[in-house]
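Read through the structure below, which is laid out as structure tokens, and then see the notes.
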Amino acid sequence: MQYKFPQNFWWGSATSAPQTEGAAFEDGKGENIWDHWFKEQPTRFHNQVGATDASTFYRNYRDDIALMKKIGHNSFRTSISWSRLIPQGTGTVNQQAVDFYNNVIDELLAQGIEPFINLFHFDMPMPMQEKGGWESREVVDAFAAFAEVCFKLFGDRVKYWFTFNEPIVPVEGGYLYDFHYPNVVDFQRAAAVAFNSILAHSKAVQKYRTLQLKGEIGIILNLTPSYPRSQNPADLKAADIADLIFNRSFLDPVTLGEFPQELVDLLKEYKQLPGCEKGDLEIIAAGKVDLLGVNYYRPRRVCARANAVNSDGPFMPEWFFDNYDMPGCKMNPHRGWEIYEKGLYDILTDLRENYGNIPCFISENGMGVENEEKFIVDGQIQDDYRIEFVKDHLKWTHKAISEGSNCLGYHLWTFIDCWSWSNSYKNRYGFIQLDLASQTRTIKKSGDWFADVSKDNGFN
Ligand code: BG6
């Protein structure tokens, strides 16, 4: 076999509680910001579809796990919904939620699928948002307490824990670019949210370590390599700053235990440094992870700014670069994103060379496509484009591993077509097709293909 992967390589997929469970207002679940925002502004969501039912995992988890097994999963990531487990964010634990997560974990294990459990996937409980969300230290402590409850309830069986999925996304979406609640545009508040998320992560890591459970704790970051338009020093500088703001801001503290000095200097120069209390940096230093999840969809290409900054406008990362559309690049025309498979290799090489070759895995990669029904032949979606996409990314992953990268697995986004924030069901990513009206599940061609890859631990 030409592309054989290391023994025990993780083959599976990832999803999250708010995007799959549904039952948003059932069995004692509290409201989160998505439930709230959808009620307040349904027009923000594609076709005005919210996550009330999502893909009904809450009801169908047993059948879904059987399907996972059928398509070769040996591991699967989802998250625990904070607002389901602790409806007010702090205080009373919802026993129905405990039962549900126990059932999911036990069923996964019974089917030989390793549960990877994440604790925060953009879904702040509304009572916590009302206290200021990640801007509030009280919420940071509430999250650490929630994490501890999860570790105590499920840590005897769950061996792979993650504190956050893509913690920079709520910063970008909620506090800079207006695509998540609370729709604030304010860099200083964004910086506070980022800093407090890292603090919350670190406090949760500390709680985990104190309990001395047998397992590992990590975080999942969306690492988007920044490529300069040219080797001109101004383009190089633009790419370096984009990398600093969007990648190293989180990657450095969670792997090296400290913020990059250049980032601190830059924010200080522009008077945007978040507040930092005595002891915070020590807590962050102790929050280094055992395992890093890498989400990768597309590269970022940048160049030096063409025009002067309007310094009367809000301070933004784009004060330092322009986004650059590289002519002739390969595109996923459905999602409008560039496809650059080598980006994965570049990330894995960077982690090997500059981050101590930390144990990592591809925790999300995938291809969102609209109107996939048009690819149905004999009742099955023939998603050869997705097979090609995954194969090409796996080839670069394989090359990185052959050069020594400590990459332990590959999870597709996602298992079953799921609800995706304000895009709702616009882009379909699953190995399994979901018919929204009937909630029927049908394995796509890529799902059958993945079963073979997992069985053979590779492909030709
Ligand atoms: C990832 C997120 O970044 O992208 C997922 O972790 C999300 O939660 C996925 O669903 C796809 O996003 P989109 O915008 O293409 O639907």
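Please treat every number below as a calculation from the coordinates, not as lab data. This structure is a prediction, so every number in the text was calculated from the model and none was measured. Cβ coordinates were reconstructed from backbone atoms using ideal geometry, including for glycine residues, and neighbour counts include every protein chain displayed.
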The ³J(HN,Hα) series, computed from each phi in region 370-387 with the Karplus coefficients 6.51, -1.76 and 1.60 at θ = phi - 60°, rounded to the nearest Hz and given as x for glycine or proline, is 8, 6, 5, 4, 5, 9, 6, 10, 6, x, 10, 5, 8, 8, 4, 4, 6, 4
Once Lys and Arg are counted +1 and Asp and Glu -1 for all other residues with Cβ under 11 Å from that of Tyr355, the total becomes 0
What does the charge count around Gly257 come to, taking other residues whose C-beta lies under 10 Å from its C-beta (Lys +1, Arg +1, Asp -1, Glu -1)? -2
Can you find, among Gly173, Ala192, Gly218, the residue farthest towards the positive end of the dipole of region 148-234? Put +1 on the C-beta of Lys and Arg, -1 on that of Asp and Glu. Gly218
Given a cut-off of under 8 Å on Cα pairs at least six residues apart, what relative contact order in percent is computed for region 3-459? 18
In sequence order, what are the phi-derived ³J(HN,Hα) couplings for region 42-59 according to the Karplus relation 6.51 cos²θ - 1.76 cosθ + 1.60 with θ = phi - 60°, rounded to whole Hz, with x for glycine and proline? x, 5, 6, 10, 3, 6, 6, 10, x, 9, 3, 9, 6, 9, 6, 4, 4, 8
I'd like to know which of Asn323, Ala204, Gln88 lies farthest towards the positive end of the charge dipole of region 3-459, counting +1 on Cβ of Lys and Arg and -1 on Cβ of Asp and Glu. Ala204
CD proxy, 222 nm, the chain: helix-only mean residue ellipticity via -39,500 (n - 2.57) per DSSP H run with n ≥ 4, per residue, nearest 500, stands at -12000 deg cm²/dmol
Could you compute the longest span of the chain free of trypsin sites (Lys or Arg not before Pro) located in DSSP loops and having at most 13 other Cβ atoms within 10 Å, not counting the site residues? 1-213
So if the hydrodynamic radius of region 180-330 is defined as the Kirkwood radius over C-alpha pairs, what does Stokes-Einstein give as its diffusion coefficient at 10 °C and 1.306 mPa s, in µm² per second? 93
What the 20 Å binned alpha carbon P(r) of the chain shows, as percent of pairs per bin from 0, is 25, 61, 14, 0
Whole-Å semi-axes of region 325-450's equivalent ellipsoid, largest first, each the root of 5 times a Cα gyration tensor eigenvalue? 29, 16, 14
For Ile217, net neighbour charge (Lys/Arg +1, Asp/Glu -1) across residues whose Cβ lies under 9 Å away: -1
Note on region 313-375: alpha-carbon gyration tensor, axes a ≥ b ≥ c; rule is a/c under 1.5 for rounded, else prolate if a/b larger than b/c, else oblate; result oblate
Quick check: convex hull over the Cα atoms of region 6-58, volume per residue in Å³, rounded to an integer? 117
For Leu408, the residues 5 or more places away or on another chain with a placed amide H closer than 5 Å to its own amide H are Cys360, Phe361, Ile362
